[in-house]
Every structure is written in C-alpha cells, then in structure tokens.
Amino acid sequence: MRACIPTLGNKGLDEQIGEHFGYAPTFTIVDLETEKVEVIPNTSHHMGGSGYPPELMQKKGVNIVLCSNLGRRAVGMFEEFGIEVYIGAKGTVRDAIRMWKDNMLQMATDKNACEQHAFRKRR
C-alpha cells in the first residue's frame, strides 16, 4: 500500500505536512510495507504545471492520502481514482502514518471536507 502526504520539503519521514494539499510544494509517497520513501515535486496546475494532484497520485500508484484537510471537490476526484483520503493529520510524515495506523484519522467525505473550498460537480 502506498500513502501520499502533502509536504513542505524533501526531508522524507521527518518533513512537515503541508496544510493545503494542492499548494504543497512536494508530495511524500511512502510504501507502507517496505517503508521506501519517494519525494516528488508538486507539478499540478496549482503550481504552474498541468493536471490535478489526484491524477498525479494515481499515476504514482497511491492508494491512500493522509492530510490535514481537503476540499470536497478534491475528495470527489480522489474517490473517482479509487484513492481513499484520511484527514486530521498533523506534524510530520512519520506522525501522519502513525496516526493512520492508530486509527486516529477520519476518512474524508463530502460532509467533513474543508468548507473553505467551493464544491462544484465535475461534468
């Protein structure tokens, strides 16, 4: 299983979680079985590139996302790709993984998604 955490830099398991998923400068991807860590730059349209973060994560074989919060539209996009999203993570990547393993994170839904993001149905 591969987990993605939005991050502020390149410190791997010791990197701080980025609070705004789409604008996090990096994404840290951790294979939860082998503990192999890969840090990739955020090349989505949010950062001047192309595509959306859920598309990038699907291409990287990500199964779950661990983050502090996420907007409804993004939650829906991740669901379309079969990627589960868990919210409530804080601290470092290592902390987020521990919180997920200890069942301390909540699965994201359109009901508990970040209210700061407008919800628009995709056509």
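The numbers here are math on the coordinates, done by the rules we state, and not lab data. Keep in mind the model is a prediction, meaning the values are calculated, not measured. Here the Cβ positions follow ideal geometry from the backbone for every residue, glycine too, while neighbour counts run over all protein chains shown.
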**Message:** If I model a spin label as a point 7 Å beyond the Cα along the Cα-Cβ vector, how far apart are those points for LYS36 and LYS59 in nm?
**Reply:** 1.9
**Request:** For the range 23-35, just list the computed ³J(HN,Hα) in residue order, Karplus coefficients 6.51, -1.76 and 1.60, θ = phi - 60°, integers in Hz, with x standing in for Gly and Pro.
**Result:** 9, 5, x, 9, 10, 9, 10, 10, 7, 6, 8, 9, 6
**Request:** Give the residue from THR28, ILE17, PHE78 lying farthest towards the positive end of the charge dipole for the chain; charges sit on Cβ (+1 for Lys and Arg, -1 for Asp and Glu) and the dipole is referred to the Cα centre.
**Result:** PHE78
**For ASN42, net neighbour charge (Lys/Arg +1, Asp/Glu -1) across residues whose Cβ lies under 14 Å away** = -2
**Fill in**
Most exposed first, judged by fewest Cβ atoms within 10 angstrom, LEU56, LEU8 run LEU8, LEU56
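Helix-only mean residue ellipticity at 222 nm, the chain, DSSP H runs n ≥ 4 weighted -39,500 (n - 2.57), per residue, nearest 500. What is it? Each step should come with its number before you reach the end.
On the way: 3 runs with 25 residues, N = 123.
Result for the chain: -5500 deg cm²/dmol, rounded to the nearest 500.
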**Request:** Mark the label point 7 Å from the Cα of MET107 along Cα→Cβ and return the residues of the range 1-41 whose backbone N is within less than 18 Å of it.
**Result:** 1-4
